[in-house]
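Please treat every number below as a calculation from the coordinates, not as lab data. Bear in mind the structure is a predicted one, so any value in this text is a computation, not a measurement. Cβ coordinates were reconstructed from backbone atoms using ideal geometry, including for glycine residues, and neighbour counts include every protein chain displayed.
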Amino acid sequence: MARKRFGISLLLAVTVLVASAVAQQSNEVSFSLGRSFISDQAVSGTGLANPNIHFGQGLTYVANYGHRFFNFGIASVSVEVPFVYNPQTKLQFGENVVPKDFSAYFLTPAARVNIFPTTAFSPWVSVGGGFGRFMPNSSLEFGGQNPSASSTTGVFEIGGGVDVRFADHFRVRGEVRDFNSGEPPINLNAGSRYSHFFAGIGLVYSF
């Protein structure tokens, strides 16, 4: 009988703890708009006066879902799933070998830590990883058929930002993220990894 009572008490305690944890969990959806930046990449052995590939600053959209699992008061831990879409990154090179542009999207689940999550001003950092997809233009920069095809790559994400609350369920988010990917299909071997730096501002809705 004592063992049975202990089992029932333990079950009730676990139920209360789980219910309390669930009650403290929160969700959010956000949308940000900004620009992606890729540094010039040097191509060796071209004989060109300017052997660098130049990348345009593509307008970039970020949709994000986040779920907070732990809130310790001074800090909270969330899982987020940012989806990043860049519809056009233009390319410039001295020879007619690169596509006119390429589009890309990244999906990188991540862990995010917010400092002072319940205050009006909450800095945060994010680390995660996932995959990306590059879709090159079918035409080369100066005309002609582009021989390269779409490709998929692994992506490592690290970023940071700040959320500023201005209403009960709404915050403004400023963020900077680096999506480090494999080389896009641009018909040149300029490096094994590329950093796509995103800087933007958006709106967060918490529920």
**Report entry** Using θ = phi - 60° and Karplus 6.51 cos²θ - 1.76 cosθ + 1.60, couplings along the stretch 111-120 (whole Hz; Gly, Pro as x)
**Finding:** 9, 10, 10, 9, 9, 6, x, 9, 8, 6
Query raised in the report: Can you give the helix-only mean residue ellipticity at 222 nm for the chain, where every DSSP H stretch with n ≥ 4 adds -39500 (n - 2.57) and the sum goes over all residues, rounded to the nearest 500 deg cm²/dmol?
Result: -4000 deg cm²/dmol
Query raised in the report: Just in the stretch 78-173: which chymotrypsin sites (Phe, Trp or Tyr not before Pro) are loop by DSSP and have at most 15 other Cβ atoms within 10 Å?
Result: F142, F166
Requested in this report: Considering the options L91, V164, A149, tell which one lies farthest towards the positive end of the dipole of the stretch 26-206, charges being +1 on Lys and Arg and -1 on Asp and Glu at the Cβ, about the Cα centre.
Outcome: V164
Report task. Find the relative contact order for the stretch 26-206 and round it to a whole percent, using C-alpha pairs within less than 8 Å whose residues are 6+ positions apart. Result -> 22 percent
Report summary line: Nearest 10, in degrees from 0 to 90: the angle of helix 2-24 to the longest Cα principal axis of the chain is 40 degrees
Query raised in the report: From the backbone phi of the stretch 148-154, what are the Karplus-calculated ³J(HN,Hα) couplings (6.51 cos²θ - 1.76 cosθ + 1.60, θ = phi - 60°) in whole Hz, Gly and Pro given as x?
Result: 7, 10, 4, 9, 10, 9, x
Query raised in the report: Per 5 Å bin from zero, what fraction in whole % of the C-alpha pairs of the chain is there, up to the bin with the longest pair?
Result: 1, 7, 13, 16, 13, 11, 9, 8, 6, 5, 4, 2, 2, 1, 1, 1, 0, 0
